[in-house]
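Step one of this worksheet: look at the structure below.
The values are calculated or read from the model by the stated rules, or taken from the named source; none is laboratory data. Note that this is a predicted model, so its numbers are computed, not measured. Cβ coordinates were reconstructed from backbone atoms using ideal geometry, including for glycine residues, and neighbour counts include every protein chain displayed. For the accessible areas, the whole protein counts, side chains as well, though only heavy atoms, and no ligand, DNA or RNA atoms are used. Shrake-Rupley method; radii C 1.70, N 1.55, O 1.52, S 1.80 Å.
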Amino acid sequence: MARRKVADPVELHSWAEADALLGEIAEKQREVARIELEMNSRIAVLKDNAKAAMKVYQTEIAAGEKQLALFAQAHREDFGKTKSRVLTHGTLGWRQSTIVKLKKSIADTVAALRALGHPECVRQAAPQVDKQAVRQLPAEELVPLGVELQSSDVFYWESAEVKVAEVAEA
């Protein structure tokens, strides 16, 4: 297949042409929204069908896991000194698992970890500046913070959309 050079977009010469282009864009947006709606509807149906089809298998898997655990526990001496046993279709065994149980409240434990010099044991989201909140501060408070508000005109466009209620009222 031969390559074709994409022509530069045609420049607009009048407000009527700009309005017509907005209309074309709006139509394409509606088509994209329609396609996405259809796609999401199909996905929802597929998810529901898959969930129903898997339910029986998931129930049988859970029952099988319980049976295997009971069997392995009843035959623990067959494992000898090993913690696992390799079978044709998989492996049965035990793994060491350590859980951390807090004897005090989370707040008390966090305070104690920090006091004892273990801040690495405390999870924290990285601090970030909430720019929406900073925008609301008075200008005299921004200077000591080293923050400056800069305003500029930014191009935007939006297509006109008529809602069903607006059409009914007209």
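Looking at Gln124 and the list (1) assigned to a helix (DSSP H, G or I); (2) open to solvent by 100 Å² or more (accessible area, probe 1.4 Å); (3) at pLDDT below 85, which single condition is not satisfied?
Every listed condition holds for Gln124 apart from (1).
From Lys103, Lys81, which residue is within 30 Å of Gln67 (Cβ to Cβ) and modelled with pLDDT of 85 or more?
That would be Lys81, the only listed residue that is within 30 Å of Gln67 (Cβ to Cβ) and modelled with pLDDT of 85 or more.
Could you please find all residues in the range 8-19 being more than 13 Å from Glu158 (Cα to Cα) and surrounded by 10 or more Cβ atoms within 10 Å (Cβ to Cβ)?
Correct list: Leu12, Glu17.
Every residue in the range 131-160 that is under 30 Å from Ala18 (Cβ atoms) and open to solvent by less than 100 Å² (accessible area, probe 1.4 Å), please.
Ser152, Ser159, Ala160
Just give me the residues in the range 72-89 being assigned to a helix (DSSP H, G or I) and of a type in the set (A, V, I, L, M, F, W, C), in sequence order.
Matches in the range 72-89: Ala72, Ala74, Phe79.
If we keep just the residues of the range 72-84 that are under 20 Å from Gln96 (Cβ atoms) and among the small types (Gly, Ala, Ser), which is least open to solvent (accessible area, probe 1.4 Å)?
Among those residues, the one meeting the criterion is Ala72.
Select, from Ile43, Ile35, Ile61, Ile25, the only residue that is in contact (Cβ under 8 Å) with a residue 40 or more places away in the chain and β-branched (Val, Ile, Thr).
Being in contact (Cβ under 8 Å) with a residue 40 or more places away in the chain and β-branched (Val, Ile, Thr) holds for just one of Ile43, Ile35, Ile61, Ile25, which is Ile25.
Here's the yes/no breakdown for (1) part of a helix (DSSP H, G or I); (2) open to solvent by 90 Å² or more (accessible area, probe 1.4 Å); (3) more than 30 Å from Gln124 (Cα to Cα):
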{"site": "Ala53", "(1), (2), (3)": "yes, no, yes"}
{"site": "Gln58", "(1), (2), (3)": "yes, yes, yes"}
{"site": "Leu70", "(1), (2), (3)": "yes, yes, yes"}
{"site": "Leu92", "(1), (2), (3)": "no, no, yes"}
{"site": "Lys103", "(1), (2), (3)": "no, yes, no"}
{"site": "Thr109", "(1), (2), (3)": "yes, no, no"}
